[in-house]
Amino acid sequence: MIQIQDTIVSLDILEEEFVCDLSVCKGICCIEGDSGAPVEEDEINILEEILPIVWEDLSPEAQKVIDKQGIVYLDDDGEFVTSIVNGENCVFTCYDENGYCKCAIEKACREGKTDFYKPVSCHLYPVRISKYNGFRAVNYHRWSVCQAARILGKRNKVKVFQFLKEPLIRKFGEDWYRQLSAVNEIRDT
């Protein structure tokens with residue numbers, strides 16, 4: 001573990017290799033799991049605001065779930081997570097012509113309809129953040145559905161922190177990321 005500002009970072013972030021391989025996994029991380037994606041409280045209003053923008057890309061089942069319980073709920077840990085459809089799909093999933101599961105929010109952002117990319121927890125995956133007294137733990141989450149990403153990361157020699165440069169900067173800032181990169185350089189020498 002290393003400390004950067006108010007975070008304790010798992011060395012796995014620097015050591016493990018990872019590159020999403022959508023052609024193999026087909027976006028299963030937005031389908032599998034025991035609850036929806038973690039959502040920060042300040043993201044809830046943003047999600048509510050962009051809902052009309054993504055509404056037509058959502059499945060009829062997702063629209064019904066949103067109408068009934070909203071876009072988020074409190075999970076068993078007391079954290080806000082995206083609502084899910086039939087215990088699986090995040091309500092914000094949509095599918096492309098190849099049957100790949102994608103994020104309707106990210107799609108809208110790429111189309112220039114919103115400047116909100118997607119919840120930061122989704123953008124950061126496979127990194128998960130836990131809050132403790134006075135610090136945040138930044139950990140690598142190993143999940144069997146991401147085996148293809150580990151294989152592709154190893155083949156391309158891309159570390160988790162390199163693959164997640166943009167979302168890590170989004171969450172923690174450029175100075176934090178520079179410090180993490182500096183620790184990596186020291187470790188590599």
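Summary of values
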quantity	calculated
Test: residue in region 125-148 that is within 16 Å of CYS30 (Cα to Cα) and in contact with an Asp or Glu (Cβ under 7 Å, 6 or more places away or on another chain)	yes
Search result, residues across region 91-146 that are basic (Lys, Arg), within 19 Å of GLU16 (Cα to Cα) and in contact with a strand residue (DSSP E or B) (Cβ under 9 Å, 6 or more places away or on another chain)	ARG128
Qualifying positions in region 107-119 - buried (at least 18 other Cβ atoms within 10 Å of the Cβ) and within 11 Å of the chain's Cα centre (by Cα)	LYS118, PRO119
Test: residue in region 57-72 that is assigned by TED's automatic domain parsing to the domain that holds ASP96, acidic (Asp, Glu) and under 14 Å from the mean Cα position of the chain (by Cα)	no
Of residues in region 120-132 being part of a helix (DSSP H, G or I) and among the hydrophobic types (A, V, I, L, M, F, W, C), the one nearest to the chain's Cα centre (by Cα)	CYS122
Single condition GLY36 does not satisfy, out of (1) under 21 Å from ILE151 (Cβ atoms); (2) crowded, with 19+ Cβ neighbours inside 10 Å	(1)
Filter pass, VAL24 being among the β-branched types (Val, Ile, Thr) and surrounded by 18 or more Cβ atoms within 10 Å (Cβ to Cβ)	no
When residues of region 39-81 are limited to those that are touching a residue at least 40 places away in the same chain (Cβ under 8 Å) and either part of a loop (DSSP other than H, G, I, E, B) or aromatic (Phe, Trp, Tyr) (or both), the one surrounded by the fewest Cβ atoms within 10 Å (Cβ to Cβ)	ASP76
Any hit, region 166-180, residues being in contact with a helix residue (DSSP H, G or I) (Cβ under 9 Å, 6 or more places away or on another chain), modelled with pLDDT under 95 and hydroxyl-bearing (Ser, Thr, Tyr)	no
Contacts under 9 angstrom Cβ, first residue in region 9-28 being among the aromatic types (Phe, Trp, Tyr), partner outside any helix (DSSP H, G or I), 6 or more apart	PHE18/PRO126; PHE18/TYR140; PHE18/VAL158; PHE18/LYS159; PHE18/LEU164
Failed condition for SER10, given (1) more than 16 Å from the chain's Cα centre (by Cα); (2) of a type in the set (Ser, Thr, Tyr); (3) closer than 26 Å to VAL158 by Cβ; (4) not assigned by TED's automatic domain parsing to the domain that holds ARG170	(4)
Some residue of region 83-96 being in a strand (DSSP E or B) and surrounded by fewer than 20 Cβ atoms within 10 Å (Cβ to Cβ)	yes
Check on GLU185, part of a loop (DSSP other than H, G, I, E, B), modelled with pLDDT under 95 and acidic (Asp, Glu)	no
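The values are calculated or read from the model by the stated rules, or taken from the named source; none is laboratory data. Predicted model, so just to flag it, every value in this text is computed and none were measured. Glycine also receives a Cβ, built like all others from the backbone with ideal geometry; neighbour counts cover every protein chain displayed.
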